[in-house]
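Chemist: Following this message is one structure expressed as structure tokens.
The values are calculated or read from the model by the stated rules, or taken from the named source; none is laboratory data. Treat the numbers as computed from the prediction; the structure is a model and nothing was measured. Ideal geometry is used to build each Cβ from the backbone, glycine not excepted, and the neighbour counts take in all protein chains shown.
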Amino acid sequence: MRYAETGYNLEIDMSTGNIEKVETDTELTNHYLGGLGTNARILWDRVPPEADPFSPDNLLIFGAGLLTGTPAIGCNRTIITTYSPQTLYMAFSMMGGFFAPELKHAGYDKVIFRGKSPDLVYVWINNDQVEIRDASHLRGKGAVETEKLLKEELGDSRVQVASIGLAGENRVYMASIEHGRSSASRLGLGAVMGDKGIKAIAVRGTKDVNLARPMEVIDFCNYLIDYIPERDSNPIPGVMPILAGLGSPKEMLIHDEKWHTENFMWGNARTRIKDYWTKDVEEKWKETQESVRTRLISCYNCPMECGAIVSVPGISTYMMKCFSKLTYTMAAYSDLDFGFRIAQRATEYGVDGFSTPQVMAFALELYEAGILTDDDLPGLPEGNEERFYWLLDRIVRREGIGDVLANGVYWAARAIGKGAEEYDHNTIKKHEQLPLKLSMLNPIYFLMWATGEKINITQIEGNFPQAPFPTREEREAFVEDWPHVPHEKFKEYFVNWELRGENSFPYYPPPEATCDIVDWQETMHYIDDALGVCAGLSSFPLKPPYHIHNWPVLISAATGMEMDKDKLWEIARRNRTLIRAINVRRGLRRKDDRPPENHWKKRFPELEETLLDTYYELKGFDKNGIPTRESLHDLNMDFISEDFEKRGIYNDGQSEEKS
Amino acid sequence: MAKVKKKVKVIKIDTDKCNGCRSCEVICSAFHASDKYSIVNPARARIRLVREPLNDVYLPVYAGEYTGAECMGRDKYTVDGKEYEECAFCRASCPSRDVFKEPDSGLPLKCDMCEEDPPLDEPLCVKWCLSDALTYEEREEEVEEEEVLEEMDTGLKSLVDKYGLDNLVDSMARMLKKD
Ligand code: SF4
Ligand code: SF4
């Protein structure tokens, strides 16, 4: 009997319509756990590195985390993996909601799509019965609307649906996969789903998920049930509201947006408005939020209520979570009411709420600069907000200039030329980033922005405070009750960290300590993404319920595997290295590990090189960011170095590893 | 019939506080596994969340009595402008639908308030509902003594209804022979 996992993947060839239920190898679970880890291994094994993201050879993998569907609170993630049409590297995005638990109850750990369907279809997974069905009646329908229509068509409100909107159908690089209150937004997963001709996947399952040592799992859950409300009602002093409690974060609950509106940039990541958050704004925004927010809602088996049902009078209801309430607002220099309105249309279209507003703000900057003209934007409305709607409509249809913008800022800038490249100032590895422009280099964030394989800061930062607390007393009080640290040295790093003086940025924390801090935070994310837990209960907040010392207990009780801290750390390291290797095989090198040039005003090139060197060394990468033979050997992944040898990756003149 | 004191157990449901997490279903199914907590399967839970986010419908419903015959018609409520699915509020395990039935055997499910020896402080769905949509109260009442069908009787009765007494007896006779 398999515990926690089902032991089966569903393999669907969209070209031939062939559907198979395939038993999985327990060795893979032992090596990579599940979720992101096993997704990555499948991608490595089965998709040649030359494959175009829009070729039938590319896979689109929906994987449930190893602990998804167990009673472990917050373990509900679906991890979706493919090659990104935008970055051309591996794309992965995790979505919450109810999809992955339902998939497990239907009897599968993953659904793996290959090939391409000539017609638009949807896939209906009802326990052992799996069908590919015509979706021509759903063409052009919104993602949320599609979910509703399919539930009606299938006659069961318990069916879980993941769908794409118009953006995915038209292979827009910012296309997301939407699922109720959740979405897998980043890196163009929806475009690959559209390319494969899949409008939606509907799943319903009524089978058991088994636990190896049930009483131990329940004991652990009882701890969670006590700890979570306790921790959440004791916010950490001195930390901004969204980071003081648990959750991912609770943007739908919190009204106080002083920090985001005054520290993040408006427009095309351009302008900081320092005194934005006045009493008037606060009152108006609070009223807006309360008038449209019908209910705070959670994902499967999680009490955090990070999402909300949003009903703006006059437009149809949708669900929102996290930060998208501000991305459109700030890109358009508008207000929260506009943000909630345009996000409704954007959600139906199925687009990434981080990238899309930035692409539109970028286009309008080009227009103001005369690089795009009235000829490029025929019929562009006068009003600023109307222009955002106008651009959004064109992008998702790939109409006129929309066809260029649909590939994101990086590709659009190169296609437009005439100096447009200068306006592409906030991408990393061709992917749009949070609009942050700061002053003094932060060594920890430098490494995380530069090297994160997810190319998204929120999916690498987390357990270590973002800034030192002003006084030593406060820092000492914080570390007193901090069992989460993998090693006592992290307490020292924090206690000695000062806002000013010798022990402050950019030379403190020193490179070794900086790398340790990055390593710890990153490792926790890799653990979460393999297990399928929401980062909001684990790798994202300070002092979360799950940590490196208690995960092994739960993993072992739920799955029956032997597990301890060191073994878990090694698996996370293996998964991290595997994804780096996948990207190296697709051309990623040290030169690509860079934050946007203007991310900080004060840069320290020499220090930055030292930071990268130190990080690579800790990770077992060579000076060019390529995992070394030795480190791959230690991680039982000689198959990767053998492949690198064959392809000449170690000797392509780009690698400085001495052989 | 004689009067007896009876503990009345009340789960209070505040639908406004429900966030749709379905933790109540998760823990109920785990607790009632034949080997306690060894499986999770919301389809086996004795509580069911009727959930239609776009309509703001969040309605936890408890499994009540098994019924052999379905109602003559259906009911469909609209409350505060929200339309609920047909028979949404009904607690019966009934032949007209597949809710509150074991997914494999089709045997009816019924909330037993997490009967346990020694008794739990509160039903587990209540304990796991961290948003306080579910809360628990006990009070004493004097009631007439009554005969209660045990779980097996209910299960057997449903099989009789489904297949007929003769068929059931035949099939049990066959099973006896095999052993
Ligand atoms: S009281 Fe116990 S048996 Fe009844 S629904 Fe809740 S968890 Fe299930
Ligand atoms: S546990 Fe509570 S909040 Fe969650 S679905 Fe059940 S009743 Fe609603």
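Chemist: If you check B:GLU116, B:GLU142, which single one turns out to be loosely packed, with under 13 Cβ neighbours inside 10 Å, within 13 Å of ligand 1 (Cβ to nearest atom) and either at pLDDT 95 or above or assigned by TED's automatic domain parsing to the domain that holds B:VAL10 (or both)?
Modeler: The match here is B:GLU116.
Chemist: Let me ask you something else. Among the listed residues B:ASN41, B:ASN19, which satisfies the condition of being closer than 17 Å to B:CYS111 by Cβ and either surrounded by 23 or more Cβ atoms within 10 Å (Cβ to Cβ) or more than 16 Å from ligand 2 (Cβ to nearest atom) (or both)?
Modeler: B:ASN41
Chemist: Just to be sure I understand the filter: pairs with C-beta atoms under 8 Å, separated by 6 or more residues or on different chains, first member in the range A:462-479 and more than 25 Å from A:LEU447 (Cβ to Cβ), second member assigned to a loop (DSSP other than H, G, I, E, B). Which pairs pass?
Modeler: Within 8 Å, the pairs are A:GLU474/A:PRO237; A:GLU474/A:GLY238.
Chemist: What strands (runs of 3 or more DSSP E) lie completely within the range A:277-338 and have 2 or more residues being buried (at least 23 other Cβ atoms within 10 Å of the Cβ), more than 12 Å from chain B (Cβ to nearest Cβ) and touching a helix residue (DSSP H, G or I) at 6+ places or on another chain (Cβ under 6 Å)?
Modeler: Here the list is empty.
Chemist: Could you list all residues from the range A:434-465 that are in a helix (DSSP H, G or I) and within 12 Å of the chain's Cα centre (by Cα)? Give the derivation first.
Modeler: Start the filter on the range A:434-465 by keeping residues that are in a helix (DSSP H, G or I), which leaves A:443-451, A:457-459.
Listed by number, the residues that qualify are A:ILE457, A:THR458, A:GLN459.
Chemist: Out of (1) closer than 25 Å to B:VAL160 by Cβ; (2) within 12 Å of chain A (Cβ to nearest Cβ); (3) of a type in the set (Phe, Trp, Tyr), what's the single condition that is false for B:PHE100?
Modeler: (2)
Chemist: Regarding the range B:76-98, can at least one residue be identified that is at pLDDT 95 or above, of a type outside the set (Asp, Glu), assigned by TED's automatic domain parsing to the domain that holds B:GLU141 and within 14 Å of ligand 1 (Cβ to nearest atom)?
Modeler: yes
Chemist: So, one more: Which of (1) within 22 Å of the chain's Cα centre (by Cα); (2) within 14 Å of chain B (Cβ to nearest Cβ); (3) under 30 Å from A:ARG139 (Cβ atoms) does A:LEU246 not meet, given it meets every other one?
Modeler: The number of the failed condition is (3).
Chemist: Of all residues in the range B:17-72, which are of a type in the set (Ser, Thr, Tyr) and either more than 10 Å from ligand 1 (Cβ to nearest atom) or within 12 Å of chain A (Cβ to nearest Cβ) (or both)?
Modeler: Listed by number, the residues that qualify are B:SER23, B:SER29, B:SER34, B:TYR37, B:SER38, B:TYR58, B:TYR66, B:THR67.
Chemist: If I filter the range B:117-134 for residues that are within 12 Å of B:VAL10 (Cα to Cα), of a type in the set (Ser, Thr, Tyr) and within 16 Å of ligand 2 (Cβ to nearest atom), do I get at least one hit? Break it down into steps so the answer makes sense when it comes.
Modeler: In the first step, residues of the range B:117-134 are kept if they are within 12 Å of B:VAL10 (Cα to Cα); the result is B:122-123, B:126, B:134.
Applying the additional criterion that residues be of a type in the set (Ser, Thr, Tyr) yields none.
No, the range B:117-134 has no match at all.
Chemist: Additional query: Among all residue pairs at least 6 apart or on different chains, which show Cβ distances below 6 Å where the first residue, located in the range A:132-149, is in the same structural domain as A:SER15 (by TED's automatic domain parsing) and the second is exposed (fewer than 14 other Cβ atoms within 10 Å of the Cβ)?
Modeler: Close Cβ pairs (under 6 Å, with a partner that is exposed (fewer than 14 other Cβ atoms within 10 Å of the Cβ)) amount to A:ILE132/A:GLY17.
Chemist: For B:LEU109, indicate whether it is surrounded by 13 or more Cβ atoms within 10 Å (Cβ to Cβ) and under 11 Å from the mean Cα position of the chain (by Cα). Steps first, please.
Modeler: On the way: surrounded by 13 or more Cβ atoms within 10 Å (Cβ to Cβ): yes; under 11 Å from the mean Cα position of the chain (by Cα): yes.
Criteria met by B:LEU109.
Chemist: If you go through the range A:356-365 one residue at a time, do you hit one that is at pLDDT 95 or above and either among the acidic types (Asp, Glu) or not in a helix (DSSP H, G or I) (or both)?
Modeler: Yes, because at least one residue in the range A:356-365 is at pLDDT 95 or above and either among the acidic types (Asp, Glu) or not in a helix (DSSP H, G or I) (or both).
Chemist: For the range A:170-216, give me each residue that is among the β-branched types (Val, Ile, Thr), closer than 17 Å to A:ALA100 by Cα and more than 14 Å from every other protein chain (Cβ to nearest Cβ). Don't jump to the end; show me each part of the working.
Modeler: First, the residues of the range A:170-216 that are among the β-branched types (Val, Ile, Thr): A:172, A:177, A:192, A:198, A:201, A:203, A:206, A:209.
Imposing the further condition that a residue be closer than 17 Å to A:ALA100 by Cα reduces the set to A:177, A:201, A:203, A:206, A:209.
Of everything in the range A:170-216, those that are among the β-branched types (Val, Ile, Thr), closer than 17 Å to A:ALA100 by Cα and more than 14 Å from every other protein chain (Cβ to nearest Cβ) turn out to be A:ILE177, A:ILE201.
Chemist: How many of the residues in the range B:22-37 are more than 12 Å from ligand 2 (Cβ to nearest atom) and either buried (at least 18 other Cβ atoms within 10 Å of the Cβ) or not assigned by TED's automatic domain parsing to the domain that holds B:CYS114 (or both)?
Modeler: The qualifying residues number 5.
Chemist: Okay, next question. For the range B:86-99, which positions are within 16 Å of ligand 2 (Cβ to nearest atom) and either within 25 Å of A:TYR223 (Cα to Cα) or crowded, with 17+ Cβ neighbours inside 10 Å (or both)? Give the derivation first.
Modeler: To start, the set of residues in the range B:86-99 that are within 16 Å of ligand 2 (Cβ to nearest atom) comprises B:88-89, B:91, B:99.
Listed by number, the residues that qualify are B:ALA88, B:ARG91, B:VAL99.
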